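Below you'll find the structure, written out as structure tokens, and then a few comments.
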Amino acid sequence: MTITKRVASVALIGAMGVAAVPAAANAAQAPAAQNHTYNIKVNKGILTNGQDVVKATVKVTNPQKNVRDFWSRSTVQQVVREGINNKYQKPYMSEGFRCTPTLDGSMNASTAKFTCKLQGADVPTTVLLTFTAPYLPPTAG
């Protein structure tokens, strides 16, 4: 192999290595998903067994610090309280979240398992909020 060919081969291999480093560095910078659990106090007399606290689970994908209010305790509280305190058993919107219940009703009680999704419009962050509301049965009026 001539010196010119060796230099060209080394230069080509070196250039390929340099090109691969930024791609790997960018992949390493992707933020890890986050999980949060909040215990949210709701109005008394709505849930079964005298419960007034609901466990809310939040999964954040591609979290960005500049939009962390999306999954803050304060925001999650507002979303959960709006659904439970208003005894929703239908889809609703709150704080940018679209909440959809799956209902499991019986003669004695009705449970709504809510899945709330928020997709940032101009950021890759997505937030999935889930909580369960075991409502008291309606009373004859």
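The values are calculated or read from the model by the stated rules, or taken from the named source; none is laboratory data. Keep in mind that this is a model prediction, so the values were computed, not measured. Virtual Cβ from ideal backbone geometry, glycine too; neighbours counted across all protein chains shown. Ligands, DNA and RNA are excluded from the accessible area calculation, which covers all protein heavy atoms including side chains. Shrake-Rupley method; radii C 1.70, N 1.55, O 1.52, S 1.80 Å.
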| message | I'm trying to understand the selection: among the residues of region 51-71, which are assigned to a loop (DSSP other than H, G, I, E, B) and closer than 15 Å to Asn39 by Cβ? | response | Gln51, Asp52
| task | Identify the residue in region 34-59 that is free of Cβ contacts under 8 Å to residues at least 60 places away in the same chain and hydroxyl-bearing (Ser, Thr, Tyr) and, among all such residues, is least open to solvent (accessible area, probe 1.4 Å). | result | Tyr38
| message | Name the single residue that is modelled with the lowest pLDDT among those in region 80-98 being under 21 Å from Asn49 (Cβ atoms) and open to solvent by 80 Å² or more (accessible area, probe 1.4 Å). | response | Lys87
| said: Looking only at residues that are of a type in the set (Val, Ile, Thr) and within 12 Å of the chain's Cα centre (by Cα) in region 60-74, which one is least open to solvent (accessible area, probe 1.4 Å)? | reply: Val60
| request: Could you list, in sequence order, all residues of region 99-126 that are at pLDDT 95 or above, open to solvent by less than 30 Å² (accessible area, probe 1.4 Å) and under 21 Å from Ala32 (Cα atoms)? | output: Cys116
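Anything in region 78-93 that is over 14 Å from the mean Cα position of the chain (by Cα) and in contact (Cβ under 8 Å) with a residue 12 or more places away in the chain? List them, or say none. Give the derivation first.
Quick first cut of region 78-93, residues over 14 Å from the mean Cα position of the chain (by Cα) only: 78, 81-93.
Passing the criteria: Gln78, Arg81, Glu82, Gly83, Ile84, Asn85, Lys87, Tyr88, Gln89.
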